[in-house]
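A.B. asks: Below is the structure I would like to discuss, written out as structure tokens.
The values are calculated or read from the model by the stated rules, or taken from the named source; none is laboratory data. Here the structure is a predicted model, which means the values were calculated and not measured. Cβ coordinates were reconstructed from backbone atoms using ideal geometry, including for glycine residues, and neighbour counts include every protein chain displayed. These accessible areas exclude ligands, DNA and RNA; they are computed on the full protein's heavy atoms, side chains included. Shrake-Rupley method; radii C 1.70, N 1.55, O 1.52, S 1.80 Å.
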Amino acid sequence: MSNELSLKDQLRLNDQKFAETGCVFGLETLPEKERDPGTYESVWHTLLGICNAAWSVGCKVSSSPVAVEGGDALWALHTPTGECICTSRGITAHVGLLASMVRHFIELDYETLPGFKPGDIFENNDPHFGGIHCPDFDTAMPLFYEDKLVAWVSAVTHANDAGSVLPGSISFMNPDCFSDGVPVTMEKIGENDKLYPWYEMRMKSRTRTPEWVMGDTRGRLAGCLTVRDRLQETIAKYGLDFFLKASREYIEDSRRYAVSRIKTQTVPGRIRKSQFKDLAMKGGNVVMPKQDVDILMNLPMEMTIDENAAVSFSLAGASGTVPFGENITPTALASGLLMGYSHVVGFDMFNSGATYAMKLQEPPGGTWCNPFPVDYFAACGLGWAPTVMWLTSLYEVTGRLYHMRGFVEEMSAGAATTMAAEWSGENQYGNYTVGLTLEQASNGSPARGIGDGEPAAWCIFTANADFGNAEITELYYPIMYLGRNMQPDSGGYGKFRGGMGHTTIWMVKNTDGGINYTAACSGIRSKITGNHGMYGAYPTMPDRISYAHNTNIKALIDDQKPLIHERGDPEYGDLEQNIKAEILEANVVVPVVVEHTLQDYDIVINPISGSQAMGDPVERDPEMVRQDLDTGLTRNWVAEGINGVIAHKDNNNEWTVDDAATSDRRQAILDARKARGVPFKEWWLQESKKVLAKEDMHEAVTDMWRSSMSLSPHYAAELRSFWNLPDDFEF
Amino acid sequence: MADYDIYELEEIRKLVDGELPWTTVQQMMKNAKDTDRFDKWITILQERVPWDEYILLPLTPALYIVQKDSDRIVKCRCGHEFGDYRVNWKLSALIYVRDDQEKLSEVYKGLEQPDLKWMQLREYYCPGCGSQLEVEALPRGAPPDFEFLPDLDTFYGKWLQRPLPQTVEFKDMTAEVIRSWCS
């Protein structure tokens, strides 16, 4: 490293060395690791501990329930040129964004103006300049040791409101970028460890709960100062020269791990997985006329692994931008991909290293994943929504690859969907409130190669899967939990099922002015199932909510009659069975802004999805089916009709499997499949005619194909070829 | 053999069959991986199929790419053959599409049902044994996913350092089969 180089020149040199050697910083060897592996490893864990200490401090200093109760935050340490060295626990989806933000400061020559000084505070949340969406405020401070800039610390927290067109932070309803909320565009927001007063004034004038927003800003700052203080001690102990060298080696080490994992645990070739996501908004509550539309989004993944174990991702075929918040920039998408990669490929030392082990091909301009070249006004209110649905394919395709090499302990099926519950209105203290509960941060986890997924214990966008305490959430919002239950069969049907999602039943309580509920889209599928199956499993059920307005609950409580504590029968649920209401909507397609302002004793049923299952359901161990029957995680019609398990409930309410009847039932299912299945060619001959005629194709479907095919000509040619459509055919 | 090639074949068999305690599996996940896992895996799988062709690559729990004479074909564990591995095997499977309410209600009920105007539920079965090999949830117009086209010659020749006797072109042949259906 040259002391004479500016950071900008150092960046160029880093890029040049990587291009020449294929190693980050040109590190063809790891001298510090080789010289003293014990110290190298010890300092790595010290740095991790520093970042995690920042997470603990920062979350506690913060104000919003998102940070304080949910821990939806992250702190990271970076090299002087921005590459991430290590991170705290928390929302790891942001690591790439934070690294690219620091790099961007340098590329924009901020080193000259405004300059980098001790105590400076910089921030960005603007998607046009590297942010993901406005509620995620990315903050960074340069760190100095004896007057030399030796590192950066960064932080992100998810504000409960950033001033978008509708209250809340899951801003799927934003029609364009002008409704995305208050931008902080690559700004210096403070110096000498203090925030500029105009920053606070702006938050006060343009966000709905500025006390929480500013509390979280101070939380980020507190975490950053924690890192700064402890890093000083670490450098003093181990020496600056060692820190600077080792911190680079950690990144190259991580790259090597990711490459090695691909080469030793996967197979070269081409992997494809389709994904789709619906936005059924026609006729619903929307902000602008252009949003009165039904949309199906195409989220295809093609992954290629070459002979050098270089991995490349393509989104050819992605559909166009949407007039909602579900657009994302390639920079933010790459950050999401790095997070997904850290989960399933390169997780030994999580930092920027894996970024150098893979390539995201730039998606076609004008797609939901690269909107600005064509639609500069596109909203990015919740770009994570399609992204996490796209990333579910990463889990599945790497799971398939690990299976091929025999690493069954590493296999994973696809992820769950993500629906957020947002509340805005008058709280129990008579104040205006807006915010999330953290229900969506605890999905069921995907099925594994050797067993079921874990129930309500996992979330794709944060390793910190924590839905918080119900009792604490009740302090933030005027709601009372009547139930928080595992949702039966919400992990799909398969040899191994995904972990169960959970369903929450809320009763509105103690709001004089009323409160609004939104089932917000941070990755919902409602018209279609979540994912496909994997290896013959059935997909998870779509996301739907229920609610009741102006209910008879108070009378039921007074009379000590049954209320509602779970969803119940999908055809005639507990809400319909037990509750009378002026408005009772049992099967509501989401996302949705519920049109009624809810009052005391109104009810909301808010389900959170399980993850994908794996394997033919008739191969599920009957004993596992029996256990699920006993614990209420599956229903008898599923056990019998889909798993082919015949079981009976005894007088003690316990289930017993009839082995002989189960064997007969399973053989009957196999025989029935062979009897009803038709040769693919026979089906194709009929189906291709229907495709040509656009028969029974919803407008959202034909719109999607038209968009995908116009933006990706090669994808269009392949699709036409498959269905034997004319060369000039368009949907 | 490296120091971390610590697992006997029997341990891997137990792992595959879900017979190891979770704490042991967790440790296996944390440890460096055994470099000969693929060979153990093929040995275990080869013992379990009722046919003799050599397994080149397990595609799914039910389907394998095998060497059959000079061809590389996809074969079900039951013995049913699907043809050249470079053609999406789904073209040789049985398919059943749940595209009406009655068919859908066997799998999803009430508010758990997707909307069939937006998607089809396609089930692919093995013609030999009736195993449900994959289930796809797709809008009309979507070709079936060709999940994996492996570059077998690179894999065996450059990654495993034991080239296969003959090489074949790394090429998706699915379109050629479709074209043959149109003529």
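A.B. asks: Straight distance only, please: which lysines reach the Cα of A:Lys8 with their own Cα at less than 22 Å, same-chain residues fewer than 8 apart left out?
C.D. replies: In chain and number order, the partners are A:Lys17, A:Lys117, A:Lys148, A:Lys188, A:Lys245.
A.B. asks: If you don't mind, there's one more thing I want to ask. Restrict the search to segment B:5-35; then list the GluC sites (Glu not before Pro) that DSSP places in a loop and that have at most 14 other Cβ atoms within 10 Å of their Cβ.
C.D. replies: Counting only loop positions with at most 14 other Cβ atoms within 10 Å, the GluC sites (Glu not before Pro) in segment B:5-35 are B:Glu8, B:Glu19.
A.B. asks: Taking beta carbons within 10 Å but only from partner chains, what does the mean come to for residues B:12-21?
C.D. replies: 3
A.B. asks: While we're here: If packing is taken as the mean number of other Cβ atoms within 10 Å per residue, what is the order of A:421-432, B:157-168, highest first?
C.D. replies: Details: A:421-432: 18.0, B:157-168: 12.2.
Going from most to least packed, we get A:421-432, B:157-168.
A.B. asks: Using the Karplus equation 6.51 cos²θ - 1.76 cosθ + 1.60 (θ = phi - 60°), what ³J(HN,Hα) coupling, rounded to whole Hz, does each residue of segment B:95-107 give in order, writing x for Gly and Pro?
C.D. replies: Once θ is set to phi - 60°, the couplings for segment B:95-107 become 10, 9, 10, 8, 10, 9, 4, 5, 5, 5, 5, 6, 10 Hz.
A.B. asks: Here's a follow-up. Using only the Cα atoms of segment A:594-731, build the gyration tensor, take square roots of its eigenvalues as a ≥ b ≥ c, and label the shape rounded, prolate or oblate: rounded if a/c is under 1.5, else prolate if a/b is larger than b/c, else oblate.
C.D. replies: It is oblate, given that a/c is not under 1.5 and a/b is not larger than b/c.
A.B. asks: Just reorder A:Glu191, A:Glu595, A:Glu32 by solvent-accessible area, largest first, 1.4 Å probe, all chains present.
C.D. replies: Correct descending sequence by accessible area is A:Glu595, A:Glu191, A:Glu32.
A.B. asks: Cα centroid distance between segment A:366-433 and segment A:227-247, in Å?
C.D. replies: When both Cα centres are located, 36 Å separates them.
A.B. asks: Moving to a separate point now. With N denoting the number of residues in the protein assembly as shown, provide Rg(C-alpha) divided by 2.2 N^0.38 Å, to two decimal places.
C.D. replies: On the way: Rg = 27.4 Å, N = 914, 2.2 N^0.38 = 29.3 Å.
It is 0.93.
A.B. asks: Under 18 Å Cα-Cα from A:Lys689, which lysines qualify once same-chain neighbours fewer than 8 residues away are excluded?
C.D. replies: By straight Cα distance, A:Lys689 reaches A:Lys681, B:Lys117.
A.B. asks: To the nearest Å, what is the center-to-center distance of segment A:531-581 and segment B:102-143, using C-alpha atoms only?
C.D. replies: 25
A.B. asks: In the full protein assembly as shown, how much of A:Lys148 is accessible to a 1.4 Å probe, in Å² to the nearest 10?
C.D. replies: A:Lys148 has an accessible surface of roughly 60 Å² with all protein chains in place.
A.B. asks: For chain A, take the longest principal axis of its alpha carbons; what is the angle in degrees between that and the long axis of helix A:95-107, to the nearest 10 within 0 to 90?
C.D. replies: 40
A.B. asks: Continuing with the same structure: Whenever you get a sec, line up A:Phe242, A:Phe18 from highest to lowest accessible area (probe 1.4 Å, protein heavy atoms).
C.D. replies: Most to least solvent-accessible, the answer reads A:Phe18, A:Phe242.
A.B. asks: For peptide B:91-98, compute the average count of partner chain beta-carbon atoms within 10 Å of each residue's beta-carbon.
C.D. replies: 5
A.B. asks: Once you average over the residues of A:64-73, how many Cβ atoms of partner chains fall within 10 Å of each Cβ?
C.D. replies: Across the residues of A:64-73, the mean count of other-chain Cβ atoms within 10 Å is 0.
A.B. asks: Here's a follow-up. Considering amide H positions built from the backbone, and no H for Pro or chain starts, which residues 5 or more places from A:Leu360, or on another chain, come under 5 Å of its amide H?
C.D. replies: A:Phe313
A.B. asks: Keeping all protein chains in position, work out how much accessible area A:Lys580 exposes to a 1.4 Å probe, and write it in Å² to the nearest 10.
C.D. replies: 150
A.B. asks: Also, I was wondering about something else. Determine the order of A:His648, A:His714 by accessible area, beginning with the largest, at a probe radius of 1.4 Å.
C.D. replies: Solvent-accessible surface, decreasing: A:His714, A:His648.
A.B. asks: At a Cα cut-off below 24 Å, give the lysines reachable from B:Lys158, other chains included and same-chain residues fewer than 8 away excluded.
C.D. replies: Those lysines meeting the cut-off are A:Lys263, A:Lys359, B:Lys33, B:Lys40, B:Lys68, B:Lys171.
A.B. asks: Hey, what number do you get for the protein assembly as shown at 222 nm if only DSSP H runs of n ≥ 4 count, each worth -39500 (n - 2.57), divided across all residues, to the nearest 500?
C.D. replies: Values: 24 runs with 297 residues, N = 914.
That comes out to -10000 deg cm²/dmol.
A.B. asks: With each label point set 7 Å from Cα along the Cα-Cβ vector, what nm distance links B:Thr24 and A:Lys282?
C.D. replies: Placing both labels 7 Å beyond Cα along the Cβ direction yields 5.7 nm.
A.B. asks: With label points built 7 Å along Cα→Cβ from the Cα atoms of A:Glu107 and A:Gln627, find their separation and express it in nm.
C.D. replies: Here the modelled spin labels are 5.0 nm apart.
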